[in-house]
Amino acid sequence: MAAAYKRILLKLSGEALMGDDAYGINEEVVGRIVNDIAEVTRLGVQVGVVIGGGNIFRGMAGAASGMDRATADYMGMLATVMNAMALSDAMRRAGVVSRVQSALTMDQVVEPYIRGKAIRYLEDGRVVIFAAGTGNPFFTTDTAAALRGSEIGAEIVLKATKVDGVYTADPKKHPDATRYPKLSFDEAISRNLQVMDATAFALCRDQRLPINVFSIFKAGALKRVVTGEDEGTLVYC
């Protein structure tokens, strides 16, 4: 089946790497995610990945416990670098060529983020993993995904979550809640649906960059999204 997109930006939360564990990185879960990404690259899709760090440290939680918010956010960025390195190593073992680029400079560990080099890597068929968020405190990795997606010319941002789309209500609390197959940006705003954080959502809307929210734990979901099937919720311009 042919891919519907040539270049995508996949947003992975740090929590996605935990699986059912309380914290850290679950190797089995990471292996499944890597296999899903590999399957998509075999379709000829260029893949950029922005990864969170909530499985190791979350800046908002640190700030809530009394830590300086900027310090907590920088610690969260370092957690994303650890996750990016783990994901890249899992890709190496699976035969997928990847590169990690960090918004924070740490040359002995990973490359710095350079837009032109990232695009060349993508054109060469390498998966580019963007770490350290935007490199600035007070911004989430959702915003980093919107920013990097816009910078590299991605055709869509794919937000991988634990829920298979955007629902009329929390499906865990309301079993009768229904999934939206498609939504416009204006509909998502008017219905007060939390697709992404406000800054990220506004950036995607301004750049006319669609978003698809889907479950990374659903077998074959990433491929179905990339091939244009009815999977998750598509938020369009």
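The values are calculated or read from the model by the stated rules, or taken from the named source; none is laboratory data. As the structure is a computational prediction, the values presented were derived from the model and not from experiment. Note that we place each Cβ from the backbone using ideal geometry, even for glycine, and neighbour counts take in every protein chain shown.
I'd like the residue in region 103-127 that is of a type outside the set (V, I, T) and assigned to a strand (DSSP E or B) and, out of all such residues, is farthest from R148 (Cα to Cα). Break it down stepwise before answering.
At the first step, the residues of region 103-127 found to be of a type outside the set (V, I, T) are 103-104, 106-108, 111-113, 115-118, 120-126.
Cutting the leftovers down to assigned to a strand (DSSP E or B) gives us 111-112.
Numbers: E111: 15, P112: 14 Å.
The extreme case among them is E111.
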### Query
When only residues in region 132-157 that are charged (D, E, K, R) and either within 10 Å of L9 (Cα to Cα) or surrounded by fewer than 24 Cβ atoms within 10 Å (Cβ to Cβ) (or both) count, which is nearest to the chain's Cα centre (by Cα)?
R148
### Query
Looking at P112, P175, P171, which is the one that is surrounded by fewer than 14 Cβ atoms within 10 Å (Cβ to Cβ) and over 23 Å from A61 (Cβ atoms)?
P175
### Task
Would you tally the residues in region 24-49 being free of Cβ contacts under 8 Å to residues at least 40 places away in the same chain and at positive phi?
1
### Query
Is there any pair linking a residue in region 138-164 that is over 18 Å from Y121 (Cβ atoms) to one that is surrounded by fewer than 24 Cβ atoms within 10 Å (Cβ to Cβ) and of a type in the set (D, E, K, R), with Cβ under 6 Å and at least six apart or on different chains, and which?
T140/D197; D142/D197; D164/K218
### Query
When you look at A169, is it at pLDDT below 95 and either part of a loop (DSSP other than H, G, I, E, B) or under 24 Å from D21 (Cβ atoms) (or both), yes or no?
yes
### Query
Hey, among the residues in region 66-102 that are in contact (Cβ under 8 Å) with a residue 24 or more places away in the chain and part of a loop (DSSP other than H, G, I, E, B), which one's surrounded by the most Cβ atoms within 10 Å (Cβ to Cβ)?
V96
### Task
Report, by residue number, each residue of region 66-85 that is more than 19 Å from Q101 (Cβ to Cβ) and of a type in the set (S, T, Y).
T71
## Note on the structure
In region 36-46, anything out of contact with any helix residue (DSSP H, G or I) (no Cβ under 6 Å at 6 or more places or on another chain) and either within 17 Å of A145 (Cβ to Cβ) or surrounded by fewer than 14 Cβ atoms within 10 Å (Cβ to Cβ) (or both) is listed as I37, R42, G44
## Note on the structure
Every listed condition ((1) in a helix (DSSP H, G or I); (2) modelled with pLDDT of 95 or more; (3) under 16 Å from the mean Cα position of the chain (by Cα)) holds for V50 save (1)
